[in-house]
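Engineer: Dumping the structure here so I can ask a few things about it.
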């Protein structure tokens, strides 16, 4: 029997070829680009064994359906459809960890990255010259002339912040086009953030100089179809990532956003309390209750829109989540008061006791909200 297997008898007529390179492409509303990108990869990687993994965040335009149809025609195409979670970084992490090649490349689906550079990137990884190869717009031979002035300025500012604050020593840490040895990536993956857009910056900052990095120039192209995913949230994600890395991931981006929303909620509470007391002449207890309910409601809506936008509740889930959030915050209020009284009893400094109670409250609310309100399905 073993001899029959070795001689090919009874085996599948088509040999299984292990790919040299897995190209991971995160997608959201890119149905007009995925087939074009596949054909570009076919041309660029002719002579190499490769696969492309489209990681789609359940695109409303049906991108995943187009990818599935393409996969039925060519076994080099794979589709990961993510339900209930969003974000470029998380998509890249899942795609690379699901890959079967020893080397992985990450590129966008919008046709702005130069796929003709992939063979050169792969050669550098296979030759042992680098663990990570970055497609750079900011070294000699590369350019980003397709950027408008606003985006160019934002990119350069973020690059300078990354270099100075996180001590990142590559020319283009904001690049979304790179290749990496999968074994090295797997060592770093547990420490990477699944939120945000700047997966390369996260990799380089987390590695802390342990990766051999090479940059090669490329020209950043213009988008042909679809819309850019970059908005004001990207800037917030970037700031959060920088702060998280500065604190060695003790403080996560999600916690920072949750705390920021909580600060806004405090303002809403005090404003509602003032209006209730001074304008409607309500008793203090009623005004306080109205303020608390308004604050919790605003916190829930902002957290659903901002902090947990990758797990955003919709439809009936919003009402259910709001009721759970009320319950979580009510218990958090008891924890807040209990800790404050305990601290004040030991050291009668009102602001210290208040701050300790508030910190306990936000930590409790954050932990319980993640477990019960915006838990992953």
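Taken together, the values in this text are just the output of simple stated rules run on the coordinates, not laboratory data. Since we're looking at a predicted model, the values are computed, not measured. With ideal geometry, Cβ positions are generated from the backbone for all residues, glycine too; neighbour counts draw on all protein chains shown.
Engineer: Output the peptides 23-36, 253-266 sorted from most to least packed, where packing is the average of other Cβ atoms within 10 Å over each peptide's residues. Mind showing how you got there, number by number?
Structural biologist: Details: 23-36: 22.2, 253-266: 18.6.
Answer by packing, highest mean first, reads 23-36, 253-266.
Engineer: While we're looking at this one, here's another question. Over all distinct alpha-carbon pairs, what is the Kirkwood Rh of segment 253-373 in angstrom?
Structural biologist: Taking every pair of different Cα atoms in segment 253-373, averaging 1/r and inverting gives 15.0 Å.
Engineer: When DSSP beta bridges are limited to those with both residues in the chain, what percentage is antiparallel, rounded to the nearest 5? Please list the in-between numbers first.
Structural biologist: Values: 7 of 29 bridges.
In the chain, DSSP labels about 25 percent of beta bridges as antiparallel.
Engineer: Please give the calculated 222 nm ellipticity per residue for the chain, where each DSSP H segment of at least 4 residues contributes -39500 (n - 2.57) and the sum is spread over every residue; nearest 500 deg cm²/dmol?
Structural biologist: The helix contribution divided over the chain gives -16500 deg cm²/dmol.
Engineer: As a test of the definition: which semi-axes, in Å, follow for segment 8-227 when you take the square root of five times each eigenvalue of its alpha carbon gyration tensor? Largest first, please.
Structural biologist: Its equivalent ellipsoid spans semi-axes of 27, 21, 17 Å.
Engineer: Which one of 61, 172, 345 has the biggest mean-square fluctuation once the chain is modelled by GNM with Cα springs under 10 Å?
Structural biologist: Highest fluctuation among the options: 345.
Engineer: Could you give the semi-axes, largest first, of the ellipsoid that matches segment 253-294, computed as the square roots of 5 times the alpha carbon gyration tensor eigenvalues and rounded to whole Å?
Structural biologist: 26, 8, 5
Engineer: Given a Förster distance of 51 angstrom, what is the FRET efficiency for residue 83 paired with residue 349, based on the Cβ-Cβ distance and rounded to 0.05?
Structural biologist: It comes out at approximately 0.55.
Engineer: Related question: Can you grab the distance from the C-alpha centre of segment 160-206 to the C-alpha centre of segment 247-286, Å, no decimals?
Structural biologist: If you average the Cα positions of each part, the centres end up 34 Å apart.
Engineer: Where is the GNM fluctuation largest for the chain (alpha-carbon springs, 10 angstrom cutoff): 95, 240, 332?
Structural biologist: 332
Engineer: Still on this structure: Between residue 123 and residue 271, what length comes free when the chain is fully extended (0.36 nm per residue of separation minus the Cα-Cα distance, one decimal in nm)? Show your work: numbers first, answer last.
Structural biologist: Numbers: separation 148, 0.36 × 148 = 53.28 nm, distance 6.16 nm.
Contour length minus the Cα-Cα distance gives 47.1 nm.
Engineer: Taking the structure as given and computing percent of Cα pairs over 40 Å apart, which label from (i) 24; (ii) 11; (iii) 28 fits?
Structural biologist: (iii)
Engineer: Using only the alpha carbons of segment 60-187, determine the length spanned along each of the three principal axes and report them from longest to shortest in whole angstroms.
Structural biologist: Cα extents, longest axis first: 45, 37, 28 Å.
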